[in-house]
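Everything on this sheet refers to the single structure shown next.
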Amino acid sequence: MIRISQLAMSVKPSATLAAGAKARQLKAAGVKVFDFSLGEPDFNTPKHICAAAEKAALGGHTHYTPTSGTAEVKAAICRWYKTFHGLECAPENVIVSNGAKHSIHNALAATVGTGDEVIIPTPYWVSYSDLVSMTGATPVLVGTTLESGFKLTPAQLKAAITPRTRVLMLNSPCNPTGTVYTRAELEALVDTLVNNSDAAILSDEIYEQLTFGNLKPTCVATLRAGLKDRTITISGASKSYAMTGWRMGWAIAPAPLVKAMDTIQSQETSCPCSVSQAALIAALDGPQDCVHEMRQQFAARKELTCKLLQAMPGVKLPVPDGAFYAFFDVSAHFGKTFGGKQVKDSLSFCDALLEQAHVNLVAGAAFGAEGFVRMSFATGNETIQGGLARLGDWLTSGKQ
Ligand code: PMP
Ligand code: GLU
């Protein structure tokens, strides 16, 4: 037997990917599943982006690239930040990786280790705490509530800071809650951090192009003069450009940190995919109406999802302001029996729902928020209508 390492044994599998795999298995067995588990746009990547990749592949761009990405892709990222957020950055501030998850891993691996603390407001995206733990650092989870709009307050942040605090992780728009912090709220958090520690901010802005109504996303690094010197901005193409499979994520950070991440990446993966980098340039530099169209469809799906969920008994749903998730409280149903099975928490709720009604949600426990479940509405209206009709019927079948 080959021995499995402590590291491998201590990491939990990604709950979102595991939920997606469960649905895939059922579908392969011929079951019609209403799958709302994975946060991934159902749209195909826009054609002009695919065409750029094809051209690159046929044109011989099939070799290793520089470790942190080609000069062309970094220039495109710098242009995009200048136009979209007014953030000035130079190529030495940019590193492209194989998805934003990889960027976060590299950023943490280059900044924290055993004995360090990383503050993570909950609910948080499933992978944050494991990505921190994998470095040996300690995730410090700070709970926010539905009542406070799932927003970390400066007082909570101040109370969580210790001499060991090295990084604060922020994620606005947030997966799983859809919370979007205002500029003023982020300023207050950033000021609290800066006045009480020398910690860095890791700001995951991957849903920045997916805000609803008149809400504007905020690039944390632009909040205060000099803040970009202690901010690691993370983003990627997966969500805005429907490019999950291309694995394009990036970090914008001070040059010495980018250099450290580059060294780690050189030993991990050599470089990001050459063809995907060409596709990313087309995404960032090309026409942006595809982003606008997808955002409008997500907004319409959000309206439909909220209308249907809010009409259900024992469901408390805060209206999401961004991203493509509904994160709702179903704890009123805990303790009931569904189809002979007692539901006692978010995990047993999701298991019974999938088994009995073939509706796939992700348990809130995976996001550090027991009592809640997450539904991704990055899927067609018919699926939303069909799946939520089933969920509604199933909820009324519960017996006290
Ligand atoms: N951050 C957040 C908040 C996410 O929801 C995701 C989900 N994919 C990622 C990062 C990572 O995205 P990717 O690795 O596909 O770029
Ligand atoms: N981020 C998405 C989600 O939360 C994709 C899956 C993953 O990488 O976790 O579902």
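The values are calculated or read from the model by the stated rules, or taken from the named source; none is laboratory data. Note that the structure is predicted; figures quoted are calculated from it, not measured. We place every Cβ from the backbone using ideal geometry, glycine too, and count neighbours over all the protein chains shown.
Listing for the model above:
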| read-out | value |
| --- | --- |
| Residue within segment 274-283 that is more than 16 Å from ligand 2 (Cβ to nearest atom), in contact (Cβ under 8 Å) with a residue 24 or more places away in the chain, outside any helix (DSSP H, G or I) and small (Gly, Ala, Ser) present | no |
| Test set (1) more than 16 Å from ligand 2 (Cβ to nearest atom); (2) in a loop (DSSP other than H, G, I, E, B) - Ile77 fails condition number | (2) |
| Residue in segment 161-169 that is in contact (Cβ under 8 Å) with a residue 12 or more places away in the chain, within 16 Å of ligand 2 (Cβ to nearest atom), surrounded by 24 or more Cβ atoms within 10 Å (Cβ to Cβ) and more than 25 Å from Gln296 (Cα to Cα) present | yes |
| Search result, residues across segment 163-208 that are away from ligand 1 (no atom under 16 Å from the Cβ) and touching a strand residue (DSSP E or B) at 6+ places or on another chain (Cβ under 6 Å) | Arg164, Thr165, Leu193, Ser197, Ala199, Ala200 |
| Segment 1-49, residues that are β-branched (Val, Ile, Thr) and modelled with pLDDT under 90 | Thr16 |
| Residues of segment 209-235 satisfying the condition of being within 11 Å of ligand 1 (Cβ to nearest atom) and farther than 15 Å from Phe324 by Cβ | Ile234, Ser235 |
| Among residues of segment 21-46, those that are free of Cβ contacts under 8 Å to residues at least 24 places away in the same chain and within 16 Å of ligand 1 (Cβ to nearest atom), counted | 1 |
| Subset of segment 279-328 [charged (D, E, K, R) and more than 20 Å from the chain's Cα centre (by Cα)] | Asp285, Asp289, Glu293, Glu303, Lys307, Lys316 |
